[in-house]
Every structure is written in structure tokens, then in C-alpha cells.
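Working notes for the structure below.
What follows is calculated from the coordinates using simple rules that are stated; it is not laboratory data. Computed from a predicted structure; not experimentally measured. Don't worry about glycine lacking a Cβ; one is built from the backbone with ideal geometry, like all the others, and counts go over all protein chains shown.
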Amino acid sequence: MSHRVIDLNTWERREFFEHFLHEVRCTYSTTVHLDITNLKGHRLYPAMIWLLTKAVRQMPEFRTALTDEGVVIYDDMHPSYTIFNSENHHFSAIWTEFHQDYASFLRAYEADTAAYASSKQYAPKPHRPSNSFDVSIIPWFTFTAFDLNVFDDGTYLLPIFTLGKFFEEDGKRKIPLAIQVHHTVCDGYHVGVFVETLQTLIDEFE
């Protein structure tokens, strides 16, 4: 895991960072509907996890975290995601190392989900890397808005993504995606760029 420590004295975002961390500490969330028509015929959840990771890895605003070293930007990211235990109706959060090649990632995903599918623990897979972000899916219903409330000290800067049940609209297949970010490092503009980047990756997925 490699990263770059930000020098706050020269960081162009310092004023915004300090305002939204010390004066008006806030996160915000939004929900978008993505066109996933191009993903028909593929397993939706692993494909979306891989595509989300590719988009996150392209944007430093989604790779910025507050650590013991200070504010850092990770060079790469790996997904941590939820899996559902159909027997006890609980879920577990596991992670899989990202691979640029989707086929390689899918094999690793399948191995991890098979290994922990029957787990009754919240986090059964050890050694989750700090350069990882959270993805979950609620496949039982779709939504137009989803607000995730994180009751911590307000210093968790990495994004959190929640997918819903896909639906058909005007001949296209769409899926809701809730995006939660911290305003210290991510403005509405950056979310907009992220959504455009992600949609392009979906459209180009083979």
C-alpha cells in the first residue's frame, strides 16, 4: 500500500478542508440512477463493484483519507463489500483485492464470496487494507434517495456506496446508486465527474 502525504501548507484545498472539518463538519449524499443496460448478461454485483473501484481509482478526491500521518491520498484502492447469508438473513463485510483485468477480479471475488458465504461474523475476512472503501447492495427494493448516517467523529473521508434493486425504464435497465462523501475533500463537482466517469466505464464494459 502506497500513498502520498499532503502538505497542508501548500495544498490548494486547505481552506475548504479546514472549513468542512473544523467549522462546519459535514458529509453529504446523493442518489443517481445509472444506465446499466450494457451489463445485461453479466453478474451485476461483482461487475458494479469492479466498475466502482475503477472509477474511484481515477479520482484522488475519492482516495483521500485522514490517517495518523495526516491527510493522505492512496495510490490505489480495493473494494470492501457486503454479502448476504440467506440462512440467517444477516450480512458480512469482506474485501477482495482489485485486479485491472475483470476476469481475474471475478475469480478472486468468487473465491472470497464462496469462502465466507456461510459466515455469521460481521467481518470474517482478516487484514482489510486501509486503502479500501465500502460498497453494499440492497437488492430487495429500488429507491430514489438513500441517506446513510455515520455516527463517528466526522473524520472518515472515504466514499461509501449503496446500490439498490435495478429496474426497467423506457427500454433501459437502471440501478440506483447512493454516494456518500465528505465535504472536506469532495464537492458536488467531483461527484458529478465521478458519476460521468462511472457511466462511461459501464457503457464501455465488455
**Study point:** Kirkwood estimate for the range 111-206, i.e. one over the average of 1/r between Cα atoms, Å
**Key:** 16.0 Å
Check your understanding: To the nearest 20 debye, what charge dipole does the chain have about its Cα centre, counting +1 at the Cβ of each Lys and Arg and -1 at the Cβ of each Asp and Glu?
Key -> 620 debye
Exercise for review: Let me know the longest stretch in the chain that avoids all trypsin sites (Lys or Arg not before Pro) found in a DSSP loop with at most 14 other C-beta atoms within 10 Å.
Suggested key: 44-119
Revision key, fill the gap. When Ser86, Ser92, Ser104 are ranked with the fewest other C-beta atoms within 10 Å first, the list becomes Ser86, Ser104, Ser92
**Study point:** Value of Rg/Rh across the chain [Cα atoms, Kirkwood radius]
**Key:** 0.96
Revision key, fill the gap. Sorted on mean Cβ neighbours within 10 Å (highest first), peptides 183-189, 134-140 come out as 183-189, 134-140
**Study point:** Check: the range 123-175 dipole with +1 on Lys, Arg Cβ and -1 on Asp, Glu Cβ, in debye
**Key:** 300 debye
Point to revise | Options Ala103, Met77, Leu158, ranked by Cα towards positive dipole end of the chain, top entry (Cβ charges) | key: Ala103
Revision key, fill the gap. Here, GluC sites (Glu not before Pro) of the range 41-98 satisfying both criteria (DSSP loop; at most 15 other Cβ within 10 Å) are Glu69, Glu87, Glu97
Practice item. Identify the chymotrypsin sites (Phe, Trp or Tyr not before Pro) of the range 1-41 meeting these criteria: DSSP loop state and at most 16 other C-beta atoms within 10 Å of the C-beta. Key: Trp11
Check your understanding: For the chain, what relative contact order do you get, as a whole percent, if you take Cα pairs closer than 8 Å and at least 6 residues apart?
Key -> 31 percent
Review point. What number, rounded to the nearest 500 deg cm²/dmol, is the helix-based mean residue ellipticity at 222 nm of the chain, given -39500 (n - 2.57) per DSSP H run of at least four residues and division by all its residues?
Key: -7500 deg cm²/dmol
